[in-house]
Every structure is written in structure tokens, then in C-alpha cells.
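Right, one structure below, let's go through it.
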Amino acid sequence: MNAPVPVRLSVSSLRAHKRRFAGTFLAVVLGVAFLAGTLVMGDTLRASFDSMFGNAAGGTDAVVRSADAITTPGESQGVRQPVGTELVRTLERVDGVAAVAPSIQGAGQLVGANGDPIGGQGPPTLAGNWITDPELNPYRLAEGRAPQKSGEVVVNRGTAEKGGLAIGDTTTLRTPDPVEVTIVGLATFGGEDGMTQVTYTGMTRADAEKYLTARPGEAASIQVRAGPGVGQRELVDRLAPVLPDGVEAITGQESAAENTEMISSQFLTLFTTFLLVFSGIALLVATFSIHNTFAIVVAQRTRENALLRALGASRGQVTAATLVEAAAVAVTASAAGLAGGIGIAAGLQALFPAIGFPFPEGALVVSALSLLLPLAVGVVVCLGSALLP
């Protein structure tokens, strides 16, 4: 059975202009690949951070904190007032509570073996009390032991490697006042050596209160673990009646989601926006390339189209022949671009840890949106650019 006239005309045109259409094909492939790669990489990083924070907070069923937060533009969580550590004794008496631990947090920058501060002026440099309950502590001791006396600290393993530090080394911790510390243990966060470029130093509770808080008896939050058979929401409901005004309790899952959202709203948004700019430029270049190609092809076929119209071909059939050519290029190039985009995401996932920007480990996440949106954009851009001439 013979193919329709527009299809036969399109096939002939594609064969006659192979080199011209090859440039158009490549332009669409690059635009779709950048867009698909950005979407896949963003989904993968979000899923990895979800998993990492979920693992880190797996033993925390509730977090007690100040109810009010002071936020600035671009921040999702903001800064909260500290809560009194005397509340720990009250929470321990609540039915269904298995363990309670204050979480003292502040700024603390370690100095590496070469005398330079680790982390520079970029990523957060955190310090806090080392929580002795292993289920409430988001960090897991990987080597060495927990700090037992003043001056002893545990640092995340990624920080130690970056600073050339090891167990037994003595260095300086800027809080911002310089404090001489001895590393006695190395830790992981959510199964990773560190949370991207963030550094962490765990101190004894007494040292944390002395160097990281305005006054003793204050904590950033209080971590609570439920007893057997008590769910997170049920635990929060039990804690609420004993909390003073201005203090709230949220579930561990909500806390982990907030941490992921904080990363997404800052680092991931900046990262994906950077890649989307490149994909937008590539698609813009593709649009001009496609329009230029079909403008030349249509101009070259003016006499051919006039002859077809004289022989009885309708305007729709002539237009359809051009759109079939564009559709053939659009579908094949977009499909190739999707494969290239997944390859770009896989390459970035392997590249960044190699150059010192570790991301959480995890398989590539390819969602339906990451497949359908680039494909649709590639097809629409190609058909629209071809229809205008």
C-alpha cells in the first residue's frame, strides 16, 4: 500500500537535505538533553536528600522547638529562639516517651592540618553537642569513640578527609573564639561521610553550652524518641499539653521534610536554575536553527509546491508535507535527547564527587515528568519553528 502524498514528499525532502537536517537534529538533541538532564538530576538529588535526612532522623519521633521563626527572603526555615533544657525533665515524664536529648547547635569552623579553615566562607560549618543516644543522634559513629571530656570532639568523616585530619590530631575550632580540640571519633550523616560540603563538630554537652550558647541551659531543639507502639503523631499529641507557650512539637518526619526543603530551596534551586539556563539557551538556538532550515527548504521548494498545487494538491497537503518532515526530526531528535539527558545526569552524578562536591549516593530517578516534558518541548518547538515559514 502506497504511503500518503505528504509522507512521500517529506521522505524525499529529508533525503535531499540530509546535511541541513542533520544540523537541526543536533540542535534539538542538545536542547532536549540539557532540559531532560536538569530535570532528572534535580529529581535524583531531591530523592537522595530525602533518603539521607530520613535515615539521619530515623530514630527521632518528635522535635520540640520554638514556635516562632524569624525568616529572611530566600530562607525556608529561618532562625528560632532557643528552648530551655529544663524542659527535658518534663518531657521524660510524658507517657510513651522512651528518650529525650537536647540538641545544642552553633557555628564552629575547624582548622585543617595545613592551617586553613575547612569549608572556607561557603558551606555551613556546624558544631553541637554529641547526643549520646545513638537513635536520637543524626550522626553515626564510624570510627573512634564519642567525646567524654572537655576538648574532645567527633567530626564528620568528610571534613576530616578534606582537612587532612585523623583521630588523635589536635586542631583549633573557631566558635568564633578559638578552642583547642582533640579528634577522638569520625562520624557519618545518614550513611554519608558528610552532608554535601557541610562540616560538623560534635562536642560534650558542657563544651557546647560553654562555647555555642549565649547562656547555659539553652538548646536549639529537643529530640524525643517514642516508646514501643507509639506513633509519631500520637507522640506529638501527648507532648503538646505539657509544652509552655511559644514552644511546639513536630514529628520527626516533618523535621526531615523541612531539612530537605531547606536544601531544595537554596542549593538545589540554584543548581537546577543554572542548568535550566543552559537548556533554555540550547532550545533557543535550536528554534532559530529549525526555523532557518525550514525557511530555506520551503523557499527552495516554491516552484515544486506551485507545481503540486497546479496538479491538484491542496494547501493542507503541501503544509502537511512540511510538518511531517518536522515531526520526523522532532520525534527522533527528542528521543535521542532524552537518552542524552539521562546520560548527562549520570555523568554529573559521577563528576561532582570526583571534583570535591559530594552528593548523596543513590540511583538515578527518572520520573514521568522528566521524560514527557522534554519530549513535548522538543516536538512543539520543532513543529512551531517549521510551521511559520
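The values are calculated or read from the model by the stated rules, or taken from the named source; none is laboratory data. Because the structure is predicted, anything quoted here is derived from the model rather than measured. Methodologically, a virtual Cβ is constructed for each residue, glycine included, from the backbone with ideal geometry; neighbour enumeration extends over all protein chains shown. Heads up: the accessible areas ignore ligands, DNA and RNA and are worked out on the full protein's heavy atoms, side chains in. Shrake-Rupley method; radii C 1.70, N 1.55, O 1.52, S 1.80 Å.
Taking segment 229-258, which residues are β-branched (Val, Ile, Thr) and crowded, with 16+ Cβ neighbours inside 10 Å? Those that are β-branched (Val, Ile, Thr) and crowded, with 16+ Cβ neighbours inside 10 Å: VAL230, VAL236, VAL247, ILE250, THR251.
Out of the residues in segment 209-218 that are part of a helix (DSSP H, G or I) and either more than 22 Å from ASN259 (Cα to Cα) or touching a helix residue (DSSP H, G or I) at 6+ places or on another chain (Cβ under 7 Å) (or both), which is least open to solvent (accessible area, probe 1.4 Å)?
GLU209
Output yes when any residue across segment 219-228 is over 32 Å from the mean Cα position of the chain (by Cα) and not in a loop (DSSP other than H, G, I, E, B), and no when none is. No, the conditions are met nowhere in segment 219-228. For segment 334-359, filtering for residues that are of a type in the set (A, V, I, L, M, F, W, C), open to solvent by less than 50 Å² (accessible area, probe 1.4 Å) and at pLDDT 85 or above leaves 4.
From the list ILE104, ILE118, the one residue that fits, being under 19 Å from GLY151 (Cβ atoms), at pLDDT 90 or above and touching a Lys or Arg at 6+ places or on another chain (Cβ under 9 Å), is ILE104.
Within segment 156-178, the set of residues being touching a residue at least 40 places away in the same chain (Cβ under 8 Å) and either touching a helix residue (DSSP H, G or I) at 6+ places or on another chain (Cβ under 6 Å) or in a strand (DSSP E or B) (or both) comprises ASN156, THR171, THR172, LEU173, ARG174, THR175. Contact map, segment 90-103: first residue closer than 15 Å to LEU136 by Cα, second residue open to solvent by 10 Å² or more (accessible area, probe 1.4 Å) and in a helix (DSSP H, G or I), Cβ cut-off under 8 Å, separation 6 or more or different chains; pairs are LEU91/VAL242; VAL97/ARG238; VAL100/VAL88; VAL100/GLU92; ALA101/VAL88; PRO102/VAL88; PRO102/ARG205.
Taking the stated definitions as given, is ALA160 among the small types (Gly, Ala, Ser) and buried (at least 20 other Cβ atoms within 10 Å of the Cβ)? It is true that ALA160 is among the small types (Gly, Ala, Ser) and buried (at least 20 other Cβ atoms within 10 Å of the Cβ).
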